[in-house]
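The values are calculated or read from the model by the stated rules, or taken from the named source; none is laboratory data. In this text, all values refer to a predicted model and were calculated from it rather than measured experimentally. In this analysis, Cβ positions are derived from the backbone assuming ideal geometry, glycine residues included, and neighbour counts consider all displayed protein chains.
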Amino acid sequence: MSIELKHVSHTYMPKTPFERLALDDISLLVPEGKITAIAGHTGSGKSTLIQHFNGLLKPDKGSILVDGVDIGTKTAEARAARRKVGIVFQYPEYQLFEETIAKDIGFGPGNMGCNEEEIAERVRFAMEFVDLDCETYAHRSPFQLSGGQKRRAAIAGILALKPKYLVLDEPTAGLDPRGRQALMERFCRLHREAGTTIVLISHNMDNIANYADNVIILNRGRVTLEAPPAEAFSRSELISEAGLELPEVKVIMDDLARHGLDIQQDAFTMDQAVQEIMAALRRQNRC
């Protein structure tokens, strides 16, 4: 199953002097059980795109199917399909609003009709997953937390919905390198342990290189590339045209090849690069 977009277009403020085409005839597939990265420069249409995944925005043309169900209809089946998609927006900590962390995290499950016992179970699960001790933090105000804790509490509110598809809009924005790595490792753990499909929205190509199974490049509201990472990063001209940069490891490997080291240039993660460089040096020493 999957999230599938078929010929989706979306225009902001149509028939006004400020009319802007944000999505232009987009067709793409987010396969179940994978980590799919959607990359693009600011203004490429990434945030507009993901708001179509669960019906927050409606297309002017085209359709969105979640597990084969058209979410643009008003049926109970469509409502259930929309709830399969949870979106963590950029800087989600700004969306905290309840008087306690437990109430904030439990707000979504309550709206879904969960009973008190189920809400409490989901709150505990989500808080433990983001490493917020339930006994310590459940009854505190979210506004007493540090910035990083607020980010985790806001993310827990989405995890408590137990979405099948988790969409992350620049989830590590504003975090230091250690915080970025720790947060991404939690999402990868959720992917491994619960089978959650992850959609990672980012312009950080190093994050994408390390975590994604599939890469979609957006440029000016259109999909210009959809491929596995190794193939995507070999298309440097399309990456550059989209206002993006290649992963740092890929840049280094290309430079080494240009300077005469006999290496395969398709390495784009640190582990791959180390293995390839060591193999090249061994070959060189045998000559």
What's the total number of residues in the stretch 246-276 that are exposed (fewer than 15 other Cβ atoms within 10 Å of the Cβ) and under 23 Å from the mean Cα position of the chain (by Cα)? 2
Just the residues that are in contact with a Pro (Cβ under 6 Å, 6 or more places away or on another chain) and among the acidic types (Asp, Glu), please, taken from the stretch 159-215. 206
Given the conditions (1) of a type in the set (Lys, Arg); (2) touching a residue at least 60 places away in the same chain (Cβ under 8 Å); (3) over 26 Å from residue 107 (Cβ atoms), which single one is not true for residue 180? (2)
Please determine, by comparing only the residues of the stretch 191-207 that are farther than 20 Å from residue 52 by Cα and at pLDDT below 90, which one is surrounded by the most Cβ atoms within 10 Å (Cβ to Cβ). 205
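Matching residues to (1) in a loop (DSSP other than H, G, I, E, B); (2) under 24 Å from residue 44 (Cα atoms):
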site	(1), (2)
243	yes, yes
249	no, no
254	no, no
257	no, no
260	yes, no
263	yes, no
266	yes, no
273	no, no
285	no, no
Please verify whether the stretch 57-72 includes one or more residues that are of a type in the set (Val, Ile, Thr), in a loop (DSSP other than H, G, I, E, B) and surrounded by fewer than 16 Cβ atoms within 10 Å (Cβ to Cβ). no
When the stretch 88-110 is examined, which residues are found to be in contact (Cβ under 8 Å) with a residue 40 or more places away in the chain and either buried (at least 21 other Cβ atoms within 10 Å of the Cβ) or part of a strand (DSSP E or B) (or both)? 88, 92, 101, 104, 105, 106, 108, 109
From the set of residues in the stretch 177-224 that are in a strand (DSSP E or B) and of a type in the set (Ser, Thr, Tyr), which is farthest from the chain's Cα centre (by Cα)? 224
